[in-house]
């Protein structure tokens, strides 16, 4: 589970500084509760300039706090984060609405997108606001007319969040734990004995580990999307369109999975060639330029391609970007 601060729950509604101070202090307490259970509370950098009261923006309101409170809040919102836009998944081209209002480019939209793909994410909202209710319902109106109606759990009371986190699965805290969980959780993937070895010695990054699980989850689902004749199903086509194709340019991070460029294949062919994972095929090599991407830090998952019904989907490499000069 990951937690995002609902940026829409700060909408200039606070009648005075005292009320806002109670609200932001409550969120800071929930942030600390999340930490105690091995999780982080993601925010958006735009929160640092949000409209707090009718006349005051966030920096102006925070100036009324004592020095320690000022420092704690502003360091989180401007420096420490973590910031969900750094690991953002949903495109600004998507149309998502809640109660008749567009929620694309917000934490509500990002959480809805992630929940659509069975990844557990929830919201933390300030109170009082227009968002102190749960669940929050979001309608994702998609270009292919395959719309999604989603419900998101929302938290604004410290004790209730703690109860939820106490009963949630223990989060991953190391690369070794990541490997153990991934191999057990994704039976449609065939991991080589050394597929996680490149992570050894790297500082563990929780958000990167979650992103890697997301990558494995999509690949695991994609591998299962074939009918009895070995033809890709409609769900498989949808996954391919959503994650293996993508626009490039302003406002887009490109596809989650892609092939390496021709220059990369030529210049880094040796680095992208791996021993065959199957014991009977050790004398063979697999050239695997297709990869899934983690941006912060730059990690890659290289796997066999194409994905076919009657062939194993081999995960041969999980580690730093091979083509990084």
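The values are calculated or read from the model by the stated rules, or taken from the named source; none is laboratory data. Since we're looking at a predicted model, the values are computed, not measured. Ideal geometry is used to build each Cβ from the backbone, glycine not excepted, and the neighbour counts take in all protein chains shown.
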Of the conditions (1) under 18 Å from residue 122 (Cβ atoms); (2) touching a strand residue (DSSP E or B) at 6+ places or on another chain (Cβ under 7 Å), residue 49 fails just one. Which one is it?
(1)
Taking the stated definitions as given, is residue 35 surrounded by fewer than 18 Cβ atoms within 10 Å (Cβ to Cβ), in contact with a strand residue (DSSP E or B) (Cβ under 9 Å, 6 or more places away or on another chain) and without any contact (Cβ under 8 Å) to a residue 12 or more places away in the chain?
yes
Would you say residue 78 is within 24 Å of the chain's Cα centre (by Cα) and surrounded by fewer than 17 Cβ atoms within 10 Å (Cβ to Cβ)?
yes
Please work out which residue is nearest to residue 302 (Cα to Cα), limiting yourself to region 171-215 and to residues that are assigned to a loop (DSSP other than H, G, I, E, B) and in contact with a strand residue (DSSP E or B) (Cβ under 6 Å, 6 or more places away or on another chain).
195
Answer yes or no as to whether residue 130 is assigned to a loop (DSSP other than H, G, I, E, B), modelled with pLDDT of 90 or more and either surrounded by fewer than 21 Cβ atoms within 10 Å (Cβ to Cβ) or in the same structural domain as residue 57 (by TED's automatic domain parsing) (or both).
yes
Kindly indicate whether residue 112 is in contact with a helix residue (DSSP H, G or I) (Cβ under 7 Å, 6 or more places away or on another chain) and not assigned by TED's automatic domain parsing to the domain that holds residue 238.
no
Within the group 48, 107, 61, 112, which residue is over 30 Å from residue 169 (Cβ atoms) and crowded, with 18+ Cβ neighbours inside 10 Å?
61
Is one or more of the residues making up region 147-154 in contact with a helix residue (DSSP H, G or I) (Cβ under 7 Å, 6 or more places away or on another chain), surrounded by fewer than 17 Cβ atoms within 10 Å (Cβ to Cβ) and at pLDDT below 95?
yes
Answer residue from region 284-297, given it is at pLDDT 95 or above and part of a loop (DSSP other than H, G, I, E, B) and is farthest from residue 84 (Cα to Cα) among those
288
